[in-house]
Amino acid sequence: MISKLAYHQIMKINFCSVTVFYHFLICIASLIAFPFHVFGQRPDESLIPYRKGNKWGYVNSKNEIIIPFQFGDAGVFSNNKAWVKQKKWYRYISTKGKTVSFKGHYFFRISKSIVLKRAFYSKKFTEVENFSNGFARASKNKRFCYLDTARYNHRHRSICGTQTPRYSHWKTYSYNNKFGVIHKAIGHDNLGHSIIVTADSIAPLYDSVKNTESPYFVAKRNGYWGLLNPKGKELTPFKFSFMNYYEHSHCAIMKEGMFYGMIAENGNYLVLPKYDHIAGFITGEHNSPSHFSKVKVNDRYGFIDKYGKEISLIKYDLVEDFECGLSRVKVNNQFGYIDTYGKEYFEE
């Protein structure tokens, strides 16, 4: 005979064993039911426009041809749509290479108060743009319309893109024709009510202060610019004819003499002044943050990253901002694409 306590202990052990066994069976069944590639790392399936001679097609990250070389020009895929050129017309295609059609309306203003609209259904356009956050601008017969991925026309373009963040707790102020910065913080009084507490962060010693959307500031004194930290410490000498700080990249672009370079937040040089121009770490019409900047040397262009490293050769006649990880470049009077590692997707 076993005691009542021992009996309960045995039953508890058996119950735990059965539970573990059933969990083991469920795991085995899951491995059998689902393909193994679900648990592994899936390959990059994005399509990349690739030029071979005068024809364009699309390849994957392994340079395997997905859509054959058949187009006169091609754009990047965004929202599963990309524009291509065939003869004189532009079209949008899907990732399977099929033409996408759009339905919408053109608008005709015949007076200040009367606007007529006419429906259209089209697969081809005379001008196109890449899709951005679901929208793209296109035109046909010199009339513009805005297209979205739902295939409807929009009279006015919706706001899209990520704008540069702004910090409302920093505010410039002036005293005796000099500028400083006030730090605004939210506090609480004895009753628990929210109150705004202000304190001088940077004394009014400067002719101008900018970049108040970040905790680092660019200030001007005696006609030259320098970098300040949030406590007002001068991190660099005031010797630059131009300076702009980029909060998301933690660096400042400056011009010393005839050339541009980069300064880190500690005031040290990231890049000595050697470029004819550095565009800045923003991209697109909304000045969205970017970790790459266009640079220029002897009328040739390339890219650097936020650490000042050149990610491509400075050899292109023209470069455009990165979209979906690709930049459209022009070299020897022909266009091609490069990625953020400087890899080229074209063949002469």
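The values are calculated or read from the model by the stated rules, or taken from the named source; none is laboratory data. Just so it is clear, the structure is predicted and the values come from calculations on it, not from any experiment. Here the Cβ positions follow ideal geometry from the backbone for every residue, glycine too, while neighbour counts run over all protein chains shown.
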### Query
Which strands (runs of 3 or more DSSP E) sit wholly inside region 259-336 and have at least 1 residues that are surrounded by 14 or more Cβ atoms within 10 Å (Cβ to Cβ) and small (Gly, Ala, Ser)?
259-264, 292-297, 300-305, 326-331
### Query
Restricting attention to region 328-347, does a residue exist that is in contact (Cβ under 8 Å) with a residue 60 or more places away in the chain and either on the phi > 0 side of the Ramachandran plot or of a type in the set (A, V, I, L, M) (or both)?
no
### Message
Checking TRP56 against (1) surrounded by fewer than 13 Cβ atoms within 10 Å (Cβ to Cβ); (2) modelled with pLDDT of 85 or more; (3) of a type outside the set (Gly, Ala, Ser), only one condition comes out false. Which one?
### Response
(1)
### Task
Spot the failing condition for LYS96; the list is (1) in a strand (DSSP E or B); (2) among the charged types (D, E, K, R); (3) at pLDDT 90 or above, and only one is missed.
(1)
### Task
Kindly establish whether TRP83 is in a strand (DSSP E or B) and either surrounded by fewer than 17 Cβ atoms within 10 Å (Cβ to Cβ) or not assigned by TED's automatic domain parsing to the domain that holds TYR146 (or both).
no
